[in-house]
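Data block below; observations after.
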């Protein structure tokens with residue numbers, strides 16, 4: 001089964017670090033959507049530090065047609081912009097990638113601020129929530145260097161003992177670097193450091209490296225000092241200082257924690273910087289549908305069908321995911337299961353409205369869970385529960401024909417209400433909670449009809 005894409009709403013560009021964007025300058029960001037299917041409406045808030053930025057303009061992007069209804073509320077006192085947009089019929093909901101809003105900021109001060117997308121709601125044409133991920137942005141007009149683990153996150157079910165993998169320790173936005181030192185800590189029950197390669201940053205080879213590995217405590221200490229005729233390192237894009245190789249020792253999760261860091265320039269002065277840690281996880285992520293129960297399996301048009309879906313978390317993490325129930329290939333409803341702990345299961349119930357369905361047809365009921373990110377076993381994410389038959393009104397016993405057997409059933413229930421011992425709901429053909437002459441009229445009108 002092909003894994004459907006996960007929609008993403010994100011800031012573009014994700015990081016703006018530019019010391020020329022001084023007060024009174026302007027900058028523009030896009031709020032983009034990626035791999036979304038049938039986006040009918042969207043709403044969210046963008047939060048920022050009002051002492052650093054103020055929003056001067058925010059407008060709808062080209063992803064939505066010009067006829068879309070949209071609202072923008074800018075509050076530069078609190079540092080928040082609230083957005084909403086929705087399709088206006090007969091326009092079709094768009095799918096794919098694009099820009100949903102564009103924002104122009106005026107720079108008010110020096111410093112840094114996150115650009116956080118909050119309260120994000122994406123809905124499809126049936127008003128069902130669209131599962132999505134959010135990626136925030138960052139602005140900085142004071143040059144602050146970075147010492148970081150790259151990639152910042154490694155979550156791969158294939159990395160099990162005794163597999164190996166590598167990370168880089170990188171620098172970015174650094175001027176005049178001539179020495180560096182750091183300690184990288186990790187959980188020794190999960191990882192062992194088995195090697196380090198020092199990279200020649202900007203092809204500079206005049207340096208003295210030192211390192212010490214302690215796989216009992218779970219730490220790697222590194223110290224590098226450049227010496228003449230070395231040219232101090234200046235870079236405004238990420239470059240690696242060292243490549244570290246780990247062997248997976250056990251299942252679980254561990255931070256890759258950079259601490260006790262020091263960056264110094266050619267005069268021995270400290271270089272201001274931020275530390276960006278990494279994260280490694282060797283886990284199983286697996287959700288499954290264990291059962292789908294449908295009642296009744298034969299029903300008149302307009303009568304409700306009750307569907308119970310039981311889902312189980314067979315993985316190692318607490319999971320939040322979508323469960324979608326279908327008749328044939330048509331969606332009945334999408335529901336969200338939130339924070340299902342590892343090893344637990346939950347049963348969710350929905351009521352299917354059969355009003356618009358045609359009698360004499362059989363519909364296959366199925367449910368699909370997730371998938372969750374990095375899930376590899378997808379076969380048990382789908383469960384089918386047989387069929388529901390839509391009956392002819394008056395086919396009380398559900399054998400596909402309205403005949404004397406059904407008339408007999410109705411006569412036996414004649415004069416009853418739901419509290420009567422002889423009550424038969426299937427004989428109440430106009431759904432008024434009593435079996436009377438009106439029901440006899442309906443069954444006689446449909447007499448001899450068959451599927």
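Which ranges mark the strands (runs of 3 or more DSSP E) fully within the range 223-285 that have 1 or more residues being within 16 Å of residue 193 (Cα to Cα) and either touching a residue at least 12 places away in the same chain (Cβ under 8 Å) or touching a helix residue (DSSP H, G or I) at 6+ places or on another chain (Cβ under 6 Å) (or both)?
Numbers: elements: 233-235, 239-248, 252-265, 273-276, 278-282.
Counting at least 1 such residues, we get 239-248, 252-265, 278-282.
Under 7 Å between Cβ atoms, at least 6 apart or on separate chains: pull out the pairs that start in the range 165-181 with a residue that is outside any strand (DSSP E or B) and end on any residue that is modelled with pLDDT under 95.
As it stands, the answer is 173/17; 173/143; 173/144; 173/145; 173/146; 173/236, since those pairs meet every condition given.
Report the residue count in the range 94-110 for those that are outside any strand (DSSP E or B), within 19 Å of residue 80 (Cα to Cα) and touching a strand residue (DSSP E or B) at 6+ places or on another chain (Cβ under 8 Å). Can you show your working first?
Here is the first cut: in the range 94-110, the ones outside any strand (DSSP E or B) are 94-95, 108-110.
Now drop any that are not within 19 Å of residue 80 (Cα to Cα), which leaves 108-110.
From the residues that got through so far, the ones that are touching a strand residue (DSSP E or B) at 6+ places or on another chain (Cβ under 8 Å) too are 108.
Count: 1.
Criterion first (loosely packed, with under 13 Cβ neighbours inside 10 Å and closer than 22 Å to residue 237 by Cβ) does residue 200 satisfy it? It would help to see each step written out before you state the result.
Numbers: loosely packed, with under 13 Cβ neighbours inside 10 Å: yes; closer than 22 Å to residue 237 by Cβ: yes.
So residue 200 fits the description; yes.
Looking at 157, 209, 162 in this structure, which one is at pLDDT below 95 and surrounded by fewer than 17 Cβ atoms within 10 Å (Cβ to Cβ)?
Details: 157 fails: surrounded by fewer than 17 Cβ atoms within 10 Å (Cβ to Cβ); 209 fails: at pLDDT below 95.
Result: 162 is the single residue among 157, 209, 162 that is at pLDDT below 95 and surrounded by fewer than 17 Cβ atoms within 10 Å (Cβ to Cβ).
Pick from the range 360-381 the residues that are surrounded by fewer than 17 Cβ atoms within 10 Å (Cβ to Cβ) and touching a residue at least 60 places away in the same chain (Cβ under 8 Å): which of them is nearest to the chain's Cα centre (by Cα)? Show your work before the answer.
Step one: filter the range 360-381 for residues surrounded by fewer than 17 Cβ atoms within 10 Å (Cβ to Cβ), giving 360-362, 364, 373-374, 376-377, 379-380.
Going one step further and asking which of them are touching a residue at least 60 places away in the same chain (Cβ under 8 Å), we end up with 360, 373-374, 376-377, 379-380.
Numbers: 360: 40, 373: 8, 374: 12, 376: 16, 377: 18, 379: 20, 380: 20 Å.
My answer is 373.
Taking the criterion of being assigned to a loop (DSSP other than H, G, I, E, B) and out of contact with any strand residue (DSSP E or B) (no Cβ under 9 Å at 6 or more places or on another chain), would at least one residue in the range 357-372 satisfy it? Break it down stepwise before answering.
Of the range 357-372, the ones assigned to a loop (DSSP other than H, G, I, E, B) are 357-361, 370-372.
From the residues that got through so far, the ones that are out of contact with any strand residue (DSSP E or B) (no Cβ under 9 Å at 6 or more places or on another chain) too are none.
No, the range 357-372 has no match at all.
The values are calculated or read from the model by the stated rules, or taken from the named source; none is laboratory data. These numbers were taken from a predicted model, which means no experiment stands behind them. So basically every Cβ, Gly included, is an ideal-geometry build from the backbone, and we count neighbours across all protein chains shown.
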